[in-house]
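One structure coming up, written as structure tokens, with questions to follow.
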């Protein structure tokens, strides 16, 4: 029987009696998890920076930023899923020389 390797995402759960690691994601989802994290972090930083550049620290800035982030993340995640394979191939060509 072939056992798949798993990536352990360490999330601590408390079920009333004991603390345990409660979430595991199969290695086959590595690219999707990477894309989710990368798109979330990049869109968070970029939407905050661009919102600050365009508006400055106005009243309600955090709400405006978070709205811009959600919209940016909805665009960034599928874009990374589509573009990442091509970017990886290009990076391999550039780095292999």
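For the stretch 30-97, what is the Kirkwood hydrodynamic radius in Å, using each pair of distinct C-alpha atoms?
Hydrodynamic radius (Kirkwood, Cα pairs) of the stretch 30-97 is 13.3 Å.
Residue 81 versus residue 58, label points 7 Å from Cα toward the beta carbon: distance in nm?
3.3 nm
Give me 26, 47 sorted ascending by neighbouring Cβ count inside 10 Å, so fewest comes first.
In increasing order of surrounding Cβ atoms, one gets 26, 47.
Since every read-out is calculated from the coordinates, none of them should be taken as a lab result. Note that the coordinates shown come from a computational prediction; the quantities given were computed from them, not determined experimentally. Here Cβ is always computed from backbone atoms with ideal geometry, including for glycine, and neighbour counts include all displayed protein chains.
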